[in-house]
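The values are calculated or read from the model by the stated rules, or taken from the named source; none is laboratory data. Keep in mind that this is a model prediction, so the values were computed, not measured. Cβ coordinates were reconstructed from backbone atoms using ideal geometry, including for glycine residues, and neighbour counts include every protein chain displayed. To get the accessible areas, we keep the full protein, side chains included, count just its heavy atoms, and leave off ligands, DNA and RNA. Shrake-Rupley method; radii C 1.70, N 1.55, O 1.52, S 1.80 Å.
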Amino acid sequence: MAIWNLGSINADFVYRVPHIPAPGETLSSTGRQMFLGGKGTNMSVAAARAAARVNHIGAVGQDGRWAIQRLLEYGVDTRNIAVLDTETAQAIIMVDPAGENAIVLHPGANAEIPQVTLQAAMAEAETGDWLIIQNETNLQRTAAEMGKELGLQIAYAAAPFDADRVQAVLPSLDFLILNAVEAAQLEEAIGTAPADLPVRDVIVTRGADGADWYSAAGKQHFPAIKVDAVDTTGAGDTFTGYVLAGLDRGLPMEQAIGQATKAGALMVMRHGTADVIPDLSEVQDFHP
């Protein structure tokens with residue numbers, strides 16, 4: 001089987017700051033690094049490092065060819081990434097000493113993925129494959145409906161949160177993952193709790209409090225692994241990629257979440273995004 005990811009590709013500029021700045025406040029950073037990032041990219045790299053066959057669907061500007069090469073080096077199929085006459089998406093990420101972050105996104109090419117690129121990718125997909133989408137690109141509803149018609153399993157990471165976009169794809173979904181804040185926002189917007197959503201599997205991540213899985217069998221809680229976090233950026237994406245890779249490889253949901261929880265714990269102990277996502281051997285050797 002395979003995972004098809006209609007996903008964002010960013011250049012992530014990470015600044016270490018004494019604290020997250022307040023409105024009107026100017027801070028000097030204590031460090032600056034540049035990484036490959038984007039929620040979609042992070043999920044593709046995580047799934048590939050978890051031993052899944054991953055095909056990324058997206059776009060970069062002429063300044064983003066390095067990102068395509070990096071994804072290829074990490075084991076991701078990049079044939080369906082378009083190079084456009086625009087700029088590659090950028091993220092400005094501020095990280096405080098406790099590992100918390102604040103992020104500003106400039107969407108760039110992520111918002112201009114050509115429909116022909118999506119169509120070319122979907123022409124290669126096979127019944128039973130996974131399609132994952134997030135809120136950092138265009139064509140989400142088109143992809144979900146197209147994938148459903150082709151017999152793909154549709155997964156959606158509802159971030160950055162937008163209630164209208166979630167509602168637009170909800171009828172097509174087999175798997176929805178969102179954090180606790182996003183789950184509360186969705187319930188407020190549509191009046192439906194996670195347990196009652198018309199989706200086969202729903203996961204609500206709760207950071208240091210673990211994750212809740214909602215299915216036809218009810219709710220099951222998975223505790224987080226206690227570690228000393230230095231940077232939470234990309235941890236949720238890593239978790240998502242690992243869950244999908246596990247499901248794609250035929251693991252039961254409980255086992256897929258277990259591996260994903262370990263991968264997320266390793267991730268928060270590292271500075272960076274896609275470039276530092278742990279591989280499956282590291283996850284399997286991790287015994288906290």
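Quick check: pseudo-label points 7 Å beyond the Cα along Cα→Cβ at residue 196 and residue 120, how many nm apart are they?
It works out to 4.5 nm between the two label points.
Name the residues whose placed amide hydrogens come within less than 5 Å of the amide hydrogen of residue 193, ignoring near sequence neighbours (fewer than 5 apart) on the same chain.
Excluding prolines and chain starts, which carry no amide H, there are no hits.
If amide H atoms are built 1.01 Å from N in the plane of the peptide, which residues on other chains or at least 5 residues away come under 5 Å of the amide H of residue 159?
Long-range HN contacts for residue 159: 135.
Per residue, what accessible area does the chain have, given a 1.4 Å probe and all protein chains present, in Å²?
Ligands and nucleic acids excluded, the figure is 41 Å² per residue.
Hey, what did the chain get for relative contact order, percent, Cα under 8 Å, at least 6 apart?
20
Output wanted: per-residue J couplings in Hz (rounded whole) for segment 162-171, from phi through Karplus 6.51 cos²θ - 1.76 cosθ + 1.60, θ = phi - 60°, x for Gly and Pro.
8, 4, 5, 5, 4, 4, 5, 9, 3, x
Just from the alpha-carbon atoms, what are the Rg and Dmax of segment 153-260 in angstroms?
Reported Rg and Dmax, both Å: 13.3, 39.
Using the Cα atoms as the points, what is the convex hull volume per residue of segment 1-60 in Å³?
Given the Cα convex hull of segment 1-60, per-residue volume reads 116 Å³.
Quick one: length gained pulling residue 1 to residue 20 fully straight, 0.36 nm per residue minus the C-alpha distance?
2.6 nm
Skipping prolines and chain starts, which residues have an amide H placed within reach, meaning under 5 Å, of the one on residue 154, given they are 5 or more residues away or on another chain?
131, 174, 175
Taking the Cα centre of segment 1-126 as origin, work out the dipole magnitude from +1 charges on Lys and Arg Cβ and -1 charges on Asp and Glu Cβ, in debye rounded to 20.
Its charge dipole is roughly 280 debye.
Once phi is turned into θ = phi - 60°, what whole-Hz ³J(HN,Hα) does the Karplus curve with 6.51, -1.76 and 1.60 give for every residue of segment 108-123, x standing for Gly and Pro?
Each residue's phi maps through the Karplus curve to give x, 5, 4, 8, 10, 4, x, 4, 5, 5, 4, 4, 5, 5, 5, 5 Hz.
Based solely on C-alpha atoms, express the radius of gyration and the Dmax of segment 37-79 in angstrom.
Values for segment 37-79 (Cα only, Rg and Dmax): 9.6, 30 Å.
Can you pull out the GluC sites (Glu not before Pro) in segment 94-170 whose DSSP state is coil and whose Cβ has at most 15 other Cβ atoms within 10 Å?
Taking segment 94-170 and a limit of 15 other Cβ atoms within 10 Å, the loop GluC sites (Glu not before Pro) found are 100, 124, 126.
Measuring from centroid to centroid over Cα atoms, what is the spacing of segment 85-120 and segment 16-33 in Å?
20
Based solely on its DSSP helices, what 222 nm [θ] is calculated for the chain when runs of n ≥ 4 H residues each add -39,500 (n - 2.57) and the sum is averaged over all residues, nearest 500 deg cm²/dmol?
The helix-only estimate for the chain comes to -9500 deg cm²/dmol at 222 nm.
About the Cα centre of segment 68-192, what is the dipole size in debye to 20, counting +1 per Lys and Arg Cβ and -1 per Asp and Glu Cβ, all else neutral?
140
Given bins 10 angstrom wide, list per bin the percent of all Cα-Cα distances in segment 1-148, short to long.
The percentages, shortest bin first, are 12, 40, 30, 14, 4, 0.
Return the Rg/Rh ratio of the chain with Cα-based radii and a Kirkwood Rh.
Ratio value, two decimals: 0.94.
Only Lys, Arg, Asp and Glu count, each charged at its Cβ (+1, +1, -1, -1), so figure out the dipole size of the chain about its Cα centre, rounded to 20 debye.
Rounded to the nearest 20 debye, it is 360 debye.
Tell me, what % of the accessible area of segment 153-288 is carbon and sulfur with a 1.4 angstrom probe?
Carbon plus sulfur share of accessible area: 51 percent.
Distance between the C-alpha centers of segment 37-66 and segment 184-242? Whole Å please.
Here the answer is 22 Å between Cα centres.
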